[in-house]
Amino acid sequence: MAAEAQRRELPAVSHLVPEISAPLLAAIPNGLILEWLPWSFALYGEPPRLSRGDYQLPDKPGFGLTLAPEYDAWETV
């Protein structure tokens with residue numbers, strides 16, 4: 001979708017799940033704006049952060065997210 005939007009000279013924006021959308025938007029040249037909805041942030045040991053209105057991309061591999069221990073099924077195996 002981002003490539004088609006770029007072909008038409010349109011920006012790409014996110015809707016919901018900013019912790020997944022942010023790295024995707026950062027990886028495309030026509031990414032414009034991230035919708036900030038922190039509903040699911042309690043799931044993460046280190047929730048996504050804003051600094052001066054800018055989303056701070058994690059420097060960890062993948063999406064940079066680690067589940068909080070109480071939600072991490074692998075911790076209980």
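What follows draws every value from the coordinates through simple rules; no lab data is involved. In this text, all values refer to a predicted model and were calculated from it rather than measured experimentally. All Cβ positions, even for glycine, are placed from backbone atoms using ideal geometry, and neighbour counts span all protein chains on display.
Of note:
- Backbone amide hydrogens, once placed in the peptide plane, bring L67 within less than 5 Å of G45, excluding anything fewer than 5 places away on its chain.
- Ranking of E9, E19 by count of other Cβ atoms within 10 Å, fewest first: E9, E19
- Residue-by-residue Karplus 3J(HN,Hα) for the stretch 50-67, coefficients 6.51, -1.76, 1.60, Hz, glycine and proline x: 10, 9, 6, x, 9, 5, 9, 5, x, 9, 8, x, x, 7, x, 10, 10, 5
- For a modelled paramagnetic label at L50, 7 Å from Cα along Cα-to-Cβ, the residues of the stretch 1-39 in reach, with backbone nitrogen under 12 Å, are 34-39.
- Whole-Hz Karplus values for the stretch 36-43 come out as 9, 10, x, 4, 9, 5, 5, 6 Hz, taken residue by residue from phi with 6.51 cos²θ - 1.76 cosθ + 1.60 and θ = phi - 60°; glycine and proline positions read x.
- Along the stretch 9-22 the Karplus relation, 6.51 cos²θ - 1.76 cosθ + 1.60 evaluated at θ = phi - 60°, assigns HN-Hα couplings of 6, 10, x, 10, 10, 9, 9, 6, 6, x, 5, 9, 5, 4 Hz to successive residues, with x for each Gly and Pro.
- Working from the Cα coordinates of the chain, the gyration tensor eigenvalues give, after taking √(5λ), semi-axes of 28, 13, 11 Å in decreasing order.
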